[in-house]
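Before any comments, here is the structure.
The values are calculated or read from the model by the stated rules, or taken from the named source; none is laboratory data. Here the structure is a predicted model, which means the values were calculated and not measured. Ideal geometry is used to build each Cβ from the backbone, glycine not excepted, and the neighbour counts take in all protein chains shown.
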Amino acid sequence: MNVYDFDNTIYDGESTLHLFFFYMRRRPSLVKKLPEVLKAFARYKRGEVTLDDMTRVYAPMIEEIVLDVVDFDNDARVFWDGHIKRIKPFYAGIRRDDDLIITASPDFTIEEVCRRLGIKRFLSSTIDRETGKIGRICMRANKIKYFFEEYGDEKIEDFYTDSEKNDRPLIDAAERAFIVKGNKITRIK
């Protein structure tokens with residue numbers, strides 16, 4: 001199977017940050033959270049956000065926003081109507097039926113984009129639709145943990161990511177690994 005990180009790998013940008021802006025347009029009061037959100041994303045991209053930070057610091061902030069603004073039944077559809085064009089063109093040329101997306105992005109948005117792309121399997125962070133609580137945080141070392149829990153010994157043939165630092169365990173588990181920067185793909189393993 002081929003395994004893909006999502007944001008900045010097959011999606012051009014950070015879909016969760018774009019989702020925040022989507023909600024900010026609907027609920028302008030979220031602008032007060034913008035500095036905190038941008039700082040958190042910058043720290044995440046530099047590899048400075050630990051799983052403990054996500055659980056202790058960022059999850060409560062995300063949960064508060066989710067409870068206030070998310071319509072689980074419609075938002076993902078509306079969001080992807082405007083953002084599906086950000087899927088990088090290279091993906092269509094290498095897509096396989098057994099592809100797996102593994103991402104920190106939330107399940108309700110990833111499920112919709114995977115449906116549109118014909119991807120049947122994904123592992124993502126989870127949000128309880130009743131309570132707004134984050135269940136699984138699918139980032140860093142948790143990605144490989146959830147992969148093994150779900151797929152056991154299934155082989156990762158090719159793994160694509162934008163971050164060697166954040167996805168090192170998946171790189172190590174793959175037969176071949178690639179870094180994606182923009183539309184340039186470079187084999188690193």
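For the residues Tyr91, Tyr58, the requirement of being among the hydroxyl-bearing types (Ser, Thr, Tyr) and either within 15 Å of Ile10 (Cβ to Cβ) or out of contact with any helix residue (DSSP H, G or I) (no Cβ under 6 Å at 6 or more places or on another chain) (or both) singles out Tyr91. Among the residues of region 141-189, those that are closer than 22 Å to Glu14 by Cα, small (Gly, Ala, Ser) and in contact with a helix residue (DSSP H, G or I) (Cβ under 7 Å, 6 or more places away or on another chain) comprise Ala141, Ala177. Go over the candidates Lys155, Lys189 one by one and state the one that is touching a residue at least 40 places away in the same chain (Cβ under 8 Å), assigned to a loop (DSSP other than H, G, I, E, B) and surrounded by fewer than 18 Cβ atoms within 10 Å (Cβ to Cβ). Sole residue among the options that is touching a residue at least 40 places away in the same chain (Cβ under 8 Å), assigned to a loop (DSSP other than H, G, I, E, B) and surrounded by fewer than 18 Cβ atoms within 10 Å (Cβ to Cβ): Lys155.
Residues in region 9-42 that are under 25 Å from Phe159 (Cβ atoms), in a helix (DSSP H, G or I) and among the acidic types (Asp, Glu): none. Name the single residue that is farthest from Ile94 (Cα to Cα) among those in region 130-186 being hydroxyl-bearing (Ser, Thr, Tyr) and touching a Ser or Thr at 6+ places or on another chain (Cβ under 7 Å). Applying the filter and picking the extreme gives Thr161. For region 24-43, check the following and say yes or no: at least one residue is under 15 Å from the mean Cα position of the chain (by Cα) and either closer than 16 Å to Glu111 by Cα or among the β-branched types (Val, Ile, Thr) (or both). So far as region 24-43 goes, no, none of its residues is under 15 Å from the mean Cα position of the chain (by Cα) and either closer than 16 Å to Glu111 by Cα or among the β-branched types (Val, Ile, Thr) (or both). Can you confirm whether region 8-21 contains a residue that is of a type outside the set (Phe, Trp, Tyr), at pLDDT 90 or above and touching a Leu at 6+ places or on another chain (Cβ under 9 Å)? Among the residues of region 8-21, at least one is of a type outside the set (Phe, Trp, Tyr), at pLDDT 90 or above and touching a Leu at 6+ places or on another chain (Cβ under 9 Å), which makes the answer yes.
The number of residues in region 29-46 that are farther than 14 Å from Val57 by Cα and surrounded by 16 or more Cβ atoms within 10 Å (Cβ to Cβ) comes to 2.
Selection of region 83-126 for residues being over 12 Å from the mean Cα position of the chain (by Cα), under 12 Å from Asp7 (Cα atoms) and either surrounded by 22 or more Cβ atoms within 10 Å (Cβ to Cβ) or among the hydrophobic types (A, V, I, L, M, F, W, C) (or both) yields only Ile87.
Across region 136-151, the qualifying residues are those that are touching a residue at least 24 places away in the same chain (Cβ under 8 Å) and assigned to a helix (DSSP H, G or I), and the one among them that is surrounded by the most Cβ atoms within 10 Å (Cβ to Cβ) is Lys143.
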